[in-house]
Amino acid sequence: MSTWTLRLPADLARQLMTHLFPGDGDEHGAVIGATVVQTDRGSRLLARRLYLARDGIDYVAGQRGYRMLTPTFVRDRVLQCRNEGLAYLAVHCHGGTTSVGFSPADLASHERGYPALRDILGDGVVGGLVFTPQAVAGDLWLPGEGRVELDHALVASWPLHAMRAAPLPAPTTDLTYDRQSRLFGDRGQAILAGQKVGVIGVGGAGSLIVEYLARLGVGHLVIIDPDRIDRTNLPRVVGSRLSDARPWLTDPARPELLRALGTRLATPKVRVSRRVARQANPKIKIETLQDDVTRDDVALRLIDCDYLFLAADSMQARLVFNALVHQYLIPGVQVGAKVQVSRDGSVTDIFSVVRPVAPGFGCLWCNQLVNPAKLQEEALTAEQLRRQRYVQDENVHAPSVISLNAVAVAHAVDDYLLRVTGLLPVTYEPRWREFHPAAPAPLDRVRSQIPRKEEDCSECSDAGRLGLGTRRRLPTRS
């Protein structure tokens with residue numbers, strides 16, 4: 001059977017752990033309603049609803065064990081989960097810290113009650129979870145006769161916090177990564193090797209991200225970009241060569257037919273990034289998609305990733321990335337750099353940006369970074385754009401410099417590294433950051449902000465996409 005894992009948005013996890021461990025040392029209960037998503041890497045339970053059981057009312061003295069959820073509370077929660085198409089997961093806590101397991105009384109109660117609850121849910125999953133502050137065990141009853149243990153739960157926050165029934169054994173040391181594993185340990189290196197990371201856009205910023213991740217020892221990359229190399233990419237795209245741009249065909253002195261042929265034969269950017277990644281780490285697994293992330297089948301290749309990097313700056317790419325983060329509970333970051341130029345050609349601002357996004361945090365829609373007018377504009381054909389004068393000259397591009405991209409990428413990859421290896425303190429508060437190297441005052445060169453959050457956002461709230469998984473279509477094209 002496939003591996004089963006649970007993903008928890010940070011706010012939901014915080015509410016749950018505060019309820020289970022208020023400091024009284026007693027046992028408390030709750031129910032989680034979770035979306036089930038089947039992927040090639042295993043089955044994921046995406047926590048969407050949290051129902052806290054009130055002590056003495058919903059969670060009372062047990063008839064055969066210490067405590068129990070009342071029949072009325074169980075019935076109402078099961079029916080709510082059935083109506084929303086969610087798995088039903090009963091939750092309680094035990095003493096201990098880094099390891100936990102079900103008591104014989106717990107397992108006996110599962111045997112008595114879960115077959116009936118599974119019948120009520122129909123094709124749903126019924127299960128029990130038991131937590132300590134740093135560990136979780138799960139007993140999952142699948143449709144039919146299947147029954148499996150939960151592999152781990154992941155709190156998609158800062159840091160990324162994986163909880164298991166017991167600590168994993170120490171991994172084998174790989175001398176290749178000796179110098180960096182001295183920072184985050186062999187366990188941290190093993191975490192990186194087990195990661196699947198999506199990189200959307202492998203131009204100036206994305207190509208650097210791919211090289212950094214490959215050299216860190218990330219085990220699996222999914223690289224997406226529809227474009228091919230041209231001569232203007234060579235100063236910025238890591239690993240690109242003059243021959244990739246087919247200069248003998250694309251020279252302006254050549255006939256138009258030959259230039260068009262050279263453009264079609266130029267090396268795809270994803271192939272350049274694959275070449276760079278394999279040079280850095282021959283063992284790495286790479287999926288390359290020379291396509292647009294706004295297509296259904298392309299975006300769905302990212303739903304089992306552990307982290308996402310957005311280095312493409314179209315509004316449609318932002319919209320899809322934002323939906324993936326919240327709908328599938330996959331943390332990520334938007335990175336980029338920009339040189340703003342006035343109409344007379346003078347530079348008005350230079351900056352690099354790093355915008356971490358996590359389920360329920362940093363939503364690009366809440367912060368007006370997905371512009372509906374630009375979404376509509378991008379949906380038009382090139383001819384329609386010309387007619388409506390949205391583009392004065394599609395061959396004129398904004399300035400771009402590799403060092404500006406490197407600033408954003410270094411900070412974004414550092415955040416990822418510290419986040420997944422557990423080096424960030426629990427009290428870490430994420431920020432969006434901008435780096436303005438040409439700002440006149442030193443204090444203005446690094447700026448940070450806490451992104452806004454709208455309570456009923458259609459994208460990042462539990463009234464919207466949060467934790468819906470495959471139960472809602474991504475904002476993509478067929």
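For the stretch 259-271, the Karplus equation 6.51 cos²θ - 1.76 cosθ + 1.60, evaluated at θ = phi - 60°, returns couplings of 4, 5, 5, x, 5, 6, 8, 4, 5, x, 4, 5, 6 Hz by residue, with Gly and Pro reported as x.
Here's how it looks for residue 238: its modeled amide H is under 5 Å from those of 207, 208, which are all 5 or more places away or on a different chain. Dividing the convex hull volume of the alpha carbon atoms of the chain by its residue count gives 172 Å³ per residue. When the Cα gyration tensor is reduced to axis lengths a ≥ b ≥ c, the ratio a/c stays below 1.5 for the stretch 4-163, which is therefore classed as rounded.
Taking amide H atoms as placed 1.01 Å from N in the peptide plane, the amide H of residue 221 lies under 5 Å from those of 197, 285, 286, 287, each 5 or more residues away in sequence or on another chain. Helix 315-327 and the longest principal axis of the Cα set of the chain meet at an angle near 20°. What shape does the stretch 200-271 take by its C-alpha gyration tensor, where a ≥ b ≥ c are the square roots of the eigenvalues and a/c under 1.5 counts as rounded, a/b above b/c as prolate, and the rest as oblate? Judged from the Cα gyration tensor, the stretch 200-271 comes out prolate (a/c at least 1.5, a/b above b/c). In terms of the Cα gyration tensor, with a ≥ b ≥ c the square roots of its eigenvalues, is the stretch 234-299 rounded because a/c is under 1.5, prolate because a/b exceeds b/c, or oblate? Verdict is oblate for the stretch 234-299. The charge dipole of the chain, taken about the Cα centre with unit charges on the Cβ atoms of Lys, Arg (+1) and Asp, Glu (-1), comes to about 1060 debye, rounded to the nearest 20. Per-residue extension of 0.36 nm, minus the Cα-Cα distance of residue 441 and residue 14, leaves a gain of 149.8 nm for this segment. Bridging of residue 338 to aspartates and glutamates at a Cα separation below 16 Å is possible for 313, 349, 434, once same-chain residues fewer than 8 apart are set aside. Placing unit charges on the Cβ atoms of the charged side chains and taking the dipole of the stretch 99-220 about its Cα centre, the candidate lying farthest along the positive direction among 220, 192, 180 is 180.
The residues neighbouring residue 100, those whose beta-carbon lies less than 15 Å from its own, together hold a net charge of -4 under the Lys/Arg +1, Asp/Glu -1 convention. The helix-based estimate of mean residue ellipticity at 222 nm for the chain, built from -39,500 (n - 2.57) per DSSP H run of four or more residues and divided by its residue count, is -9500 deg cm²/dmol to the nearest 500. Under 12 Å of direct C-alpha separation, and excluding same-chain neighbours fewer than eight residues apart, residue 269 reaches these aspartates and glutamates: 225, 227, 230, 244, 291. Taking the charge dipole of the stretch 4-163 about its Cα centre, with +1 at Lys and Arg Cβ atoms and -1 at Asp and Glu Cβ atoms, the residue from 113, 12, 142 reaching farthest to the positive side is 12. Axis angle, to the nearest 10 degrees, between helix 204-216 and the longest C-alpha principal axis of the chain: 50 degrees. Using the Karplus relation 6.51 cos²θ - 1.76 cosθ + 1.60 with θ = phi - 60°, the per-residue 3J(HN,Hα) values for the stretch 176-186 come to 4, 9, 4, 5, 7, 5, 5, 7, 10, x, 5 Hz, with x marking Gly and Pro.
Please find the FRET efficiency linking residue 162 to residue 253, where r is the Cβ-Cβ separation and R0 is fixed at 60 Å, and quote it to the nearest 0.05.
Working: r = 58 Å, r/R0 = 0.97.
Plugging the Cβ-Cβ distance into 1/(1 + (r/R0)^6) gives 0.55.
The antiparallel fraction among DSSP beta bridges confined to the stretch 4-163 stands at about 65%. Stretching the chain fully between residue 64 and residue 456 yields a gain of 136.9 nm (0.36 nm per residue, less the alpha carbon separation). This model, with +1 at the C-beta of Lys and Arg and -1 at the C-beta of Asp and Glu, gives the stretch 4-163 a dipole about its Cα centre of some 260 debye.
Taking the C-alpha atoms only, the angle from helix 402-420 to the longest principal axis of the chain is near 10 degrees. Cross-link partners for residue 196 among the lysines, with Cα-Cα distance under 18 Å and sequence neighbours closer than 8 places in the same chain left out: 283, 285.
For the chain, the residue among 426, 358, 85 whose Cα projects farthest onto the positive side of the dipole built from Cβ charges is 358. Taking every DSSP beta bridge that has both ends in the chain, the antiparallel portion is near 60%.
We did not get these values from a lab; they are worked out from the coordinates using the rules stated. All values derive from a computational prediction rather than experimental measurement. Note that each Cβ is placed from the backbone with ideal geometry, even for glycine, and that neighbours are counted across all protein chains shown.
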